[in-house]
Amino acid sequence: MNAMHDVIVIGGGAIGLAIARELRSDRSRSVLVVDRSGIGEGASWAAAGMLSALSEADSGGPFLELCLASQRMYRGFADGLVLETGIDCGCATNGSLHLGMPDDTPETLRARYELQRQWSPNVEFLYPDELRLVEPLLTARVHGALFFPDDLQVTPRRLVRALQESCIRRGVEIRSAARVEEVSKGVVRIATEELKAKTIIVASGAWTSELKGLDPPAPVRPRKGQILSLSTAGQPFRCMIRWDNAYFVPRPDGELVVGATSEDAGFDRSLTAAGIGILLSKAQAISSHVGSFPIKEMWSGLRPGTPDGLPIIGRSRVPGVFYATGHFRNGILLAPITASIMAALVDERNPELPIEPYSPLRF
Ligand code: FAD
Ligand code: GLY
């Protein structure tokens, strides 16, 4: 006989672990996390770790508010994890520079600045000479840049380790190599075994649409990201830098992460000549100096994409089954706020921000 749990979380990525940890904060309920592979080996393992609500935002509104709220929570979230586990997830406030697109004119950049300033007063416009003072090794020919001083980064693989360790210390039960086949009211089926829980939280990322029994279905599709890193001596770039759909995330230990492609390739995670080639060429367009840096690592991951690019957070039609999936390009950023919203839903409290835009019933 399997024990009855209060909550089963399907998926041990940043989202599932952050939720499980939050649900165990007062140690009052039993929580089990199940993952089909190893814990934290999905998209969360592959992410760059930019916590940058504004640099990917094209419009204001509730989703930007959600991202900004989560970004504001991050320092406390990361500090809490270090205190609890001793694992430092590399949370650093180095800000980000948005150089725009190659065909941007001074007017389009300025217009973007005026728009962004309505959403956050803390954005700055840097002219090319000011930009060179901040990042002397930049060689991209740009008319200026937007600077987001409040942007942070984490090292996602360390974040996931810290979350897992925190879950263990709080008494969350964790099972890896346990693939959930089907979900129904109060029951999670793994191969021939049935696990029972009052509440089931689906946090299975890019694989969510493979789960049987979900009502409504969750239209999550994998969106492949190829990504690589270079070894540098010291830290030649201070800030995270975005240009022409590519980005740099400089880690304090000298690793320079260069991301990332965004491809509709199903569950294929192979590294391709075209994917890696384009990243290397965009990296050299940002700074011709990087051409001499050795390649450290190349990898890929599957972002959980949705038809409208928004996450799926909320109750399903199956009693006791909730979704927290589809976080697409922002799941590392959104982990703290998603955990907080899910805890409110499970406790039947009102979440701190409106969640109607992310309703599972909207498709
Ligand atoms: P995952 O980490 O994929 O976890 C889902 C888990 O569910 C997996 O471990 C999987 O094994 C498990 N699972 C699936 N199906 C089942 C099943 N049937 N039974 C049991 N377990 C199951 N986000 C940012 O905020 N900032 C960034 O800078 C950033 N950069 C990125 C760069 C790249 C190249 C990629 C690919 C993504 C990036 N992202 C970034 C996005 C971010 O990685 C994702 O949004 C986030 O990791 C999603 O977390 P998750 O826990 O939902 O998914
Ligand atoms: N948010 C960065 C990425 O998804 O590549």
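Values quoted throughout were computed directly from the atomic coordinates according to the rules given, and no laboratory measurement underlies them. Because the structure is predicted, anything quoted here is derived from the model rather than measured. Ideal geometry is used to build each Cβ from the backbone, glycine not excepted, and the neighbour counts take in all protein chains shown.
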Given the residues 10, 19, which is the only one that is β-branched (Val, Ile, Thr), near ligand 1 (Cβ under 6 Å from one of its atoms) and surrounded by 21 or more Cβ atoms within 10 Å (Cβ to Cβ)? 10
Being of a type outside the set (Lys, Arg), more than 30 Å from residue 161 (Cα to Cα) and without any contact (Cβ under 8 Å) to a residue 40 or more places away in the chain is the filter here; which residues of the range 76-114 pass it? 103, 104, 105, 106, 107, 108, 109, 111, 113, 114
Could you run through the range 261-271 and say how many residues are within 16 Å of ligand 2 (Cβ to nearest atom) and either among the hydrophobic types (A, V, I, L, M, F, W, C) or more than 15 Å from residue 305 (Cβ to Cβ) (or both)? 2
Which of the residues belonging to the range 339-348 are farther than 18 Å from residue 319 by Cβ and of a type outside the set (Gly, Ala, Ser)? 341
Taking the conditions exactly as written (of a type outside the set (D, E, K, R) and either more than 19 Å from residue 133 (Cα to Cα) or touching a residue at least 60 places away in the same chain (Cβ under 8 Å) (or both)), does residue 266 satisfy them or not? yes
Members of the range 179-200 found to be within 19 Å of residue 15 (Cβ to Cβ) and among the polar types (S, T, N, Q), listed by number: 199
Taking the options 58, 103, name whichever one is assigned to a loop (DSSP other than H, G, I, E, B) and within 16 Å of ligand 2 (Cβ to nearest atom). 58
So residue 285, is it farther than 30 Å from residue 24 by Cα and away from ligand 1 (no atom under 14 Å from the Cβ): yes
Kindly establish whether residue 247 is within 18 Å of the chain's Cα centre (by Cα), away from ligand 2 (no atom under 15 Å from the Cβ) and among the hydroxyl-bearing types (Ser, Thr, Tyr). no
If we keep just the residues of the range 11-55 that are within 14 Å of the chain's Cα centre (by Cα) and in a strand (DSSP E or B), which is farthest from ligand 2 (Cβ to nearest atom)? 51
Unique residue being basic (Lys, Arg), in contact (Cβ under 8 Å) with a residue 24 or more places away in the chain and within 16 Å of ligand 2 (Cβ to nearest atom) when the list is 238, 303: 303
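Conditions (1) within 9 Å of ligand 1 (Cβ to nearest atom); (2) buried (at least 23 other Cβ atoms within 10 Å of the Cβ); (3) not aliphatic (A, V, I, L, M), marked per residue:
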{"residue": "38", "(1), (2), (3)": "yes, no, yes"}
{"residue": "48", "(1), (2), (3)": "yes, yes, no"}
{"residue": "57", "(1), (2), (3)": "no, no, no"}
{"residue": "63", "(1), (2), (3)": "no, no, yes"}
{"residue": "68", "(1), (2), (3)": "no, no, no"}
Under 9 Å by Cβ, and 6 or more places apart or on different chains, what pairs join a residue from the range 274-286 that is more than 8 Å from residue 228 (Cβ to Cβ) and touching a residue at least 12 places away in the same chain (Cβ under 8 Å) with one that is of a type in the set (Val, Ile, Thr) and in a helix (DSSP H, G or I)? 283/290
